[in-house]
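Asks: Below is a structure I'd like to ask you about.
No value in this document is a laboratory result; all are computed from the given coordinates. Since we're looking at a predicted model, the values are computed, not measured. Heads up, the Cβs are rebuilt from the backbone with ideal geometry, glycines too, and the neighbour counts pull from every protein chain shown.
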Amino acid sequence: MYWYEDNNAERGVYVSSRVRLARNFADYPFEPRLDKTGASEIIERVKKDLCSDPEYTFTDFSALDENQKYSMVDKHLVSPEMAEKKTPSAIVENQSKGIVVMICEEDHLRIQSIRAGLDLDGAYKACCEADDKIDAAEKIAYDDTLGYLTHCPTNLGTGMRASVMMFLPALTLTGRIRGLSHQLSALGLTVRGVTGEGSTAKGSLYQFSNCTSLGMTEEEILDNLKETTAKIAETEQRLRNELDKRSGEVLRDRIMRAYGTMKYAYALNSEEMYRLYSDVRLGICLGYITDMTLVQLDSLLIDTLPATLSAQAGKELSPAERDRLRAEKVRAVK
């Protein structure tokens, strides 16, 4: 079960939590100096280290077609940078624990776990499981002063990036989201869009993560992120209540119009889908919409993103074909 299918988490504000550890083998050069032979050797070593456990499965990522690769980006299982690679690469998954190990991305290893709702501790514990298995079998690049040695200097230290995806429609509608970036930088955090670095915010979805990992322990990074996002969540909930009290009828009309469009449209492009998703998701959170769940809606958004639609169809779809198929899938939700 992937994170967006999890019915057990509270996800009205917190959509998902992710922890990622960057690791490199001590006896191989960093990217991009790593040649194909070296990349293939690293892939085989990690496969051996992890896949002796039947819970872990191996996929030759470089053998997938473009739609299959970017569908995994849609699901936040791999990075866009991983999908763009032309050299040997692979992934190892433990789906029950939300673990995905990207092999030969920017670093030799990107060990990550993504969980529904606010579960940074669970994601970190899962990452440590895979990290411990590899560390027991391999010599990992590490310096007593700099910590884990990584391709990008900002990952030195713990090599950890922790992030929380949050749904913030009230902060977006009131324009208060714009002031967050400056405040967060003083706390060692940053805000990004739905697919991470360089992406724009869509669907009122924002990803909050630590900027650096040097000079802090893993626990300190997680605690800082949890404390800050808790304050953001509190503000978001307060603003939702104020919007509901101050302009409830106008807000309800906007939400139900979006829901009607989503249920009956013949064609929907991805940008419109994100806009409708934001309004309908807020409607579910406020209790205006009771015949669709957050899990259904979150799964629907991911299943109707462009690459995933083409991957499911087994062929490259035109934009018009995707728009019709997207609307068809939305209409089919009961």
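Asks: Running a GNM on the chain with Cα contacts under 10 Å, which residue among 112, 183, 68 ends up with the highest mean-square fluctuation?
Replies: Per the Cα network of the chain with a 10 Å cutoff, 183 tops the list.
Asks: Still on this structure, please answer the following. Taking the highest mean first, how do the peptides 46-54, 155-163 order by number of other beta carbon atoms within 10 angstrom per residue? Let's see the in-between values first.
Replies: Numbers: 46-54: 15.9, 155-163: 23.0.
Ranked by mean Cβ neighbours within 10 Å, highest first: 155-163, 46-54.
Asks: Residue farthest toward the positive end of the dipole of the chain, with Cβ of Lys/Arg at +1 and Asp/Glu at -1: which of 296, 54, 19?
Replies: So the residue we want is 296.
Asks: Now for a separate question. So what is the relative contact order for the chain, in percent, with contacts set as C-alpha pairs under 8 Å and at least six apart? Don't jump to the answer; show the numbers that get you there.
Replies: Numbers: 575 pairs, mean separation 67.0, N = 334.
Computed over the chain, the figure is 20 percent.
Asks: Could you work out [θ]222 nm for the chain from helices alone, using -39500 (n - 2.57) per DSSP H run of at least four and dividing by all its residues? Round to the nearest 500 deg cm²/dmol. Don't jump to the answer; show the numbers that get you there.
Replies: Details: 11 runs with 154 residues, N = 334.
Per the formula, -15000 deg cm²/dmol.
Asks: Using Cβ counts within 10 Å as a stand-in for footprinting exposure, how do 244, 35 rank, fewest first?
Replies: 35, 244
Asks: Here is a further query. In nm, to one decimal, how far is the residue 182 label point from the residue 132 one, both placed 7 Å along Cα→Cβ?
Replies: For residue 182 paired with residue 132, the spin-label model returns 4.5 nm.
Asks: Considering the chain as a Gaussian network with a 10 Å cut-off on Cα pairs, which listed residue, 152, 128, 104, attains the greatest mean-square fluctuation?
Replies: Judging by the Gaussian network model, the answer is 152.
Asks: Can you report the principal axis dimensions of segment 52-198 using only the alpha carbons, biggest first, rounded to whole angstrom?
Replies: Cα extents, longest axis first: 51, 42, 29 Å.
Asks: Provide the gained length on full extension for the span residue 246 to residue 219, in nm with one decimal, where the gain is 0.36 nm per separating residue minus the Cα-Cα distance. Kindly include the intermediate steps, with their values, before the conclusion.
Replies: Details: separation 27, 0.36 × 27 = 9.72 nm, distance 4.04 nm.
Answer, rounded to one decimal: 5.7 nm.
Asks: Still on this model: Please rank 76, 182, fewest neighbouring Cβ atoms within 10 Å first, as an exposure proxy. Before the final figure, lay out the partial values.
Replies: On the way: 76 23, 182 8.
Arranged by neighbour count, lowest to highest, 76, 182 become 182, 76.
Asks: What per residue convex hull volume, in Å³, comes out for the chain when only alpha-carbon positions are used?
Replies: On the way: hull volume 43.4 nm³, N = 334.
For the chain, the hull spanned by Cα atoms encloses 130 Å³ per residue.
Asks: As a footprinting exposure proxy, order 173, 109 by other Cβ within 10 Å, with the fewest listed first. Please list the in-between numbers first.
Replies: On the way: 173 19, 109 24.
Placing the least packed residue first, the sequence is 173, 109.
Asks: What shape does segment 236-331 take by its C-alpha gyration tensor, where a ≥ b ≥ c are the square roots of the eigenvalues and a/c under 1.5 counts as rounded, a/b above b/c as prolate, and the rest as oblate? Display every interim value, and only then the final one.
Replies: Details: a/c = 2.79, a/b = 2.31, b/c = 1.21.
Prolate is the answer for segment 236-331, as a/c is 1.5 or above and a/b outweighs b/c.
Asks: How far apart, in nm, are the 7 Å Cα→Cβ label points at residue 139 and residue 270?
Replies: Going from the residue 139 label point to the residue 270 one covers 4.4 nm.
Asks: I've got another one for you. Each label point is 7 Å from the Cα along the Cα-to-Cβ direction; what then is the distance between the points at residue 333 and residue 211, in nm?
Replies: So the two model labels end up 3.6 nm from each other.
Asks: Using a Gaussian network model of the chain whose springs link C-alpha atoms within less than 10 Å, name the residue from 21, 187, 214 with the highest mean-square fluctuation.
Replies: Comparing 21, 187, 214 in the GNM, the peak value goes to 187.
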